[in-house]
Amino acid sequence: MTLHDIPAGHLAEVVTYLDMRERPKPAPMPSVPLSVKAWKPIDLAKYRILFERVGAPWLWYSRLTMADAELEAILNHDDVDFYAVEDRRGIEIGMIELDFREERQCEIQFFGLVPELASKGYGRWLMMQTLERAWRADVERVHLHTCTLDHPNALAFYQKMGFVPRGRAVETFPDPRLAGILPRDAGPHVPILE
């Protein structure tokens, strides 16, 4: 066993990469009081608000630190699809981001709901909506990654939905809460070590 020191103010996570190489068999779509709406072009301020609402508990920060031009180039690219999940009142409460820029591939870049909806059975519906959009006629592989900072059931959920792990990596990075990118109370399950 080899241990590696993590600098003060940094975090470490184990990232698991998962693939799906066959389109899932059709199944009845669960009935939920939510809908999926495509956003194009994407308003960056509105996107960042939703990104933080969905991802702050899991310390998502990457899109919050990107310059507008860089983020706009990704989100408004012809081969990137973004969908907001809305409740009955039209309030955005989740997101799906699909990246088709690699030929015959779809990467699920971001997928999630606001924390208030966790463990209420909406995740399966959202993944079914995601896979329906990801499996275009020319797609041969749908892939994503999760990490140990995500919801504790994330890896098991993805496997239950048909994804197969293909590899792991360890990532370290400066804690986004200490840099002021996310509030200090984000990700309360992850201790802050200054």
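The values are calculated or read from the model by the stated rules, or taken from the named source; none is laboratory data. Everything quoted here is computed from the prediction, not taken from an experiment. Here Cβ is always computed from backbone atoms with ideal geometry, including for glycine, and neighbour counts include all displayed protein chains. Ligands, DNA and RNA are stripped out before the accessible areas are found, and what is left, the full protein with its side chains, is counted by its heavy atoms. Shrake-Rupley method; radii C 1.70, N 1.55, O 1.52, S 1.80 Å.
At a glance:
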read-out: Inter-residue pairs, beta-carbon under 8 Å, first at positive phi and exposed (fewer than 13 other Cβ atoms within 10 Å of the Cβ) and in the stretch 173-194, second part of a loop (DSSP other than H, G, I, E, B) and modelled with pLDDT of 95 or more, 6+ apart; value: none
read-out: Qualifying residues in the stretch 68-99 (those that are more than 17 Å from the chain's Cα centre (by Cα) and among the acidic types (Asp, Glu)) - the one least open to solvent (accessible area, probe 1.4 Å); value: 87
read-out: Residue list for the stretch 61-75, filter: in a helix (DSSP H, G or I) and touching a residue at least 60 places away in the same chain (Cβ under 8 Å); value: 64, 65
read-out: Residue 193, sole failed condition from (1) in contact with an Asp or Glu (Cβ under 9 Å, 6 or more places away or on another chain); (2) at pLDDT 95 or above; (3) not in a strand (DSSP E or B); value: (2)
read-out: Residues of the stretch 30-60 satisfying the condition of being of a type outside the set (S, T, N, Q), in a strand (DSSP E or B) and under 18 Å from residue 117 (Cβ atoms); value: 36, 37
read-out: Inter-residue pairs, beta-carbon under 8 Å, first open to solvent by 80 Å² or more (accessible area, probe 1.4 Å) and in the stretch 30-44, second assigned to a loop (DSSP other than H, G, I, E, B), 6+ apart; value: 40/76; 41/76
read-out: Candidates 176, 165, 183, 188 - the one that is more than 14 Å from the chain's Cα centre (by Cα) and within 22 Å of residue 82 (Cβ to Cβ); value: 176
read-out: Residue list for the stretch 1-21, restricted to those being open to solvent by 30 Å² or more (accessible area, probe 1.4 Å), more than 26 Å from residue 70 (Cα to Cα) and modelled with pLDDT of 95 or more; value: 14, 21
read-out: Candidate set from the stretch 144-172 (those that are part of a loop (DSSP other than H, G, I, E, B) and open to solvent by 80 Å² or more (accessible area, probe 1.4 Å)); member that is farthest from residue 105 (Cα to Cα); value: 152
read-out: Selection from the stretch 110-135 of residues that are in a helix (DSSP H, G or I) and among the charged types (D, E, K, R); value: 116, 124, 132, 133
read-out: In the stretch 110-129, residue most open to solvent (accessible area, probe 1.4 Å) [restricted to those that are in contact with a strand residue (DSSP E or B) (Cβ under 8 Å, 6 or more places away or on another chain) and in contact (Cβ under 8 Å) with a residue 40 or more places away in the chain]; value: 122
read-out: Top-ranked residue of the stretch 1-57 - restricted to ones that are over 29 Å from residue 157 (Cα atoms) and of a type in the set (Gly, Ala, Ser), ranked as nearest to the chain's Cα centre (by Cα); value: 45
read-out: Flag if residue 46 is more than 28 Å from residue 148 (Cβ to Cβ) and in contact with an Asp or Glu (Cβ under 7 Å, 6 or more places away or on another chain); value: no
read-out: Pairs where the first residue, in the stretch 1-29, is assigned to a loop (DSSP other than H, G, I, E, B) and the second is modelled with pLDDT under 95 and loosely packed, with under 10 Cβ neighbours inside 10 Å, C-beta under 9 Å, 6+ apart; value: 8/194; 9/194
